[in-house]
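J.: The structure under discussion is supplied below as structure tokens; questions concerning it will follow.
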Amino acid sequence: MSEIIPTFARKPLFGYQAMVYATASIAFLSFIVWAHHMFTVGMPLGGELFFMYATMLIAVPTGVKVFNWVSTMWEGSMTFETPMLFAIGFVIMFTIGGFSGLMLAIVPADFQYHDTYFVVAHFHYVLVTGAVFAIMAGVYYWLPKWTGRMYNETLGKWHFWLSTIFVNLLFFPQHFLGLAGMPRRIPDYNVAFADFNLWSSIGGFGFGLSQLLLVYIIVQCCLLKKGAKAEARSWEAARGLEWTVPSPAPHHTFTTPPTIRDTDLAHGDVSH
């Protein structure tokens, strides 16, 4: 995200150092929050308080990252190619997952939410609309560099909109199922939960089928060699050494280590 958003906002990443420290902080804090999955097992009050505060604390560097991404987009000369659409979708829906994570971090509230479909909704908003959307953004961003061909932008945008609509249809109703008391890991459910489960099922099949578009787009570029030939710098404002070599990148890139003259490499200012 920190590569893609600056490229399509045509601005340097806002708060680069803060982003680095936030990433390192999340990596450290992730080692000491594991018992937030276990608030209901009867751990001592001191343990509950420690893991509650540690879990809430991890929201601070996460909030820094979201703030930096949004600030990078603020007043930028934004365009909305498929990688940027997935990046914006990621920021919005990952934030939804973060908010529900804060709800689950509070011990008394977690006693109600624990092992319900609210938890399922929360972590899928982090892992699917978060991690998977970020991966798909990265695929579209670097696909021209990998294959030497530009993908079909129209199909890419169809893939984004179908994925976004169906993934929210899949997971958002599960918040309400959990709050209504539907537990996880059961083979059947009360008829009172049937309507939201129907919508969720429709969303699940739709989201799965939507990914066939991504497969087709990759096959078009990789195997069928369709699409316009990609330039070395496939995106106008792309930064990084990979955009200074031909697309696809040669097997042996630099004979000698390149000297970086411009810290953001926005104009490919590199010598050998």
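J.: Given springs between every Cα pair under 10 Å in a Gaussian network model of the chain, which of 121, 109, 230 has the largest fluctuation?
T.: Highest fluctuation of the listed residues: 109.
J.: When the accessible area of region 108-212 is split by element with a 1.4 Å probe, what percent falls to carbon and sulfur?
T.: 71 percent
J.: Continuing with the same structure: Please label the shape of the chain as rounded, prolate or oblate, based on the square roots a ≥ b ≥ c of the eigenvalues of the alpha-carbon gyration tensor (a/c under 1.5 means rounded; beyond that, a/b larger than b/c means prolate, else oblate).
T.: oblate
J.: What is the dipole size for region 69-226, taken about its Cα centre, with +1 at each Lys and Arg Cβ and -1 at each Asp and Glu Cβ, in debye to the nearest 20?
T.: 600 debye
J.: Long-range amide H contacts for residue 116: which residues qualify at under 5 Å (H placed 1.01 Å from N, peptide plane, sequence gap of 5 or more or a different chain)?
T.: When sequence neighbours closer than 5 places are left aside, the close amide H contacts are 184.
J.: Scan the chain and note any complete DSSP helix (H) whose C-alpha atoms cover at least 15 Å along its axis and whose Kyte-Doolittle average is -0.5 or more.
T.: 16-29, 45-57, 59-73, 82-105, 133-147, 153-179, 194-222
J.: With unit charges on the beta carbons (Lys and Arg positive, Asp and Glu negative) and the dipole taken about the Cα centre of region 212-262, which residue among 217, 253, 235 sits farthest to the positive side?
T.: Farthest towards the positive pole: 217.
J.: Cα gyration tensor of region 184-235, axes a ≥ b ≥ c as square roots of the eigenvalues: rounded (a/c below 1.5), prolate (a/b > b/c) or oblate?
T.: In terms of gyration-tensor shape, prolate.
J.: Using amide H atoms built 1.01 Å from N in the peptide plane, name the residues 5+ places from residue 149, or on other chains, whose amide H lies under 5 Å from its own.
T.: 230
J.: Rounded, prolate or oblate for region 113-262? Axes are the square roots of the Cα gyration tensor eigenvalues, ordered a ≥ b ≥ c, and the cut-off for rounded is a/c under 1.5.
T.: It is prolate, given that a/c is not under 1.5 and a/b is the larger ratio.
The values are calculated or read from the model by the stated rules, or taken from the named source; none is laboratory data. Source: prediction; values computed, not measured. Cβ: placed from backbone, ideal geometry, glycine included. Neighbour counts: every protein chain shown. Areas reflect the complete protein model, heavy atoms only, side chains present, ligands, DNA and RNA absent. Shrake-Rupley method; radii C 1.70, N 1.55, O 1.52, S 1.80 Å.
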